[in-house]
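Below: one structure, written as structure tokens.
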Amino acid sequence: MTKLPGHKLDRYDLKMLRLLAHDGRITKAGLAEAVNLSPSPAWERMKKLEAAGFIRGYRAVIDWSLVFPTSQILVEVELARHTAADMRRFETHIAQAPEVASCFATGGGLDYLMLVRSKNIDDYQAFMEDLLERDIGIERYYTYVVTKVVKDGLALPPDSLFEG
């Protein structure tokens, strides 16, 4: 059983989360059958999981590279200073930047790792120059152009996390 403050997830909840992560369009009846519950209790559980924030939403996974060509760039970012205010200023700006698909604060030798999407490398460089001009605390950055996506971030957690 997984425990979070104020919430306990049992095996039914975990199975529902796993099923919904794999297929967000599963029918109410299909979900109930898959977790071995009747439809009403299964639906109530799903609504509680949504209300508690375990399920943040439902969406289609689009292969944007088929829609228009883009460059994906991984960027290591080091800040000049590491005060809470400096980190908050950087994070607030990055959270609002549509070019940044993902950003992770990290421990170790760098402060942040970002995935940036742009039309091309010139647009990426213009984006980075704009960030530097905004003076949001970037000391240095390192650019790595993605040449091939081997595995994306949409994979389910490993089975071992579901085992008690």
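Within segment 28-37, is even one residue in contact with a Phe, Trp or Tyr (Cβ under 6 Å, 6 or more places away or on another chain), outside the structural domain of Ser118 (by TED's automatic domain parsing) and surrounded by 14 or more Cβ atoms within 10 Å (Cβ to Cβ)?
Taking every residue of segment 28-37 in turn, at least one turns out to be in contact with a Phe, Trp or Tyr (Cβ under 6 Å, 6 or more places away or on another chain), outside the structural domain of Ser118 (by TED's automatic domain parsing) and surrounded by 14 or more Cβ atoms within 10 Å (Cβ to Cβ).
Looking at segment 52-79 only, could you name the residues that are surrounded by 12 or more Cβ atoms within 10 Å (Cβ to Cβ) and modelled with pLDDT of 90 or more?
Ala52, Phe54, Ile55, Ser71, Gln72, Ile73, Leu74, Val75, Glu76, Val77, Glu78, Leu79
Looking at (1) under 30 Å from Tyr141 (Cα atoms); (2) surrounded by 14 or more Cβ atoms within 10 Å (Cβ to Cβ), which one does Trp43 not meet, given that it meets all the others?
Result: Trp43 fails condition (1) only.
Would you please name the residue that is modelled with the highest pLDDT, looking only at residues in segment 151-164 that are over 25 Å from Asp111 (Cβ atoms) and within 19 Å of the chain's Cα centre (by Cα)?
Pro158
For residues that are assigned to a helix (DSSP H, G or I) and either without any contact (Cβ under 8 Å) to a residue 60 or more places away in the chain or over 22 Å from Pro157 (Cα atoms) (or both), tally how many sit in segment 21-39.
Residues in segment 21-39 being assigned to a helix (DSSP H, G or I) and either without any contact (Cβ under 8 Å) to a residue 60 or more places away in the chain or over 22 Å from Pro157 (Cα atoms) (or both): 9 in total.
Table: residues versus (1) within 30 Å of Lys15 (Cα to Cα); (2) part of a loop (DSSP other than H, G, I, E, B).
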| position | (1), (2) |
| --- | --- |
| Met128 | no, no |
| Asp135 | no, yes |
| Glu139 | no, no |
| Thr143 | no, no |
| Lys148 | no, yes |
| Gly153 | yes, yes |
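The values are calculated or read from the model by the stated rules, or taken from the named source; none is laboratory data. Just so you know, these numbers come straight off a predicted model, no measurement behind them. All Cβ positions, glycine included, derive from the backbone under ideal geometry; neighbour counts span all protein chains shown.
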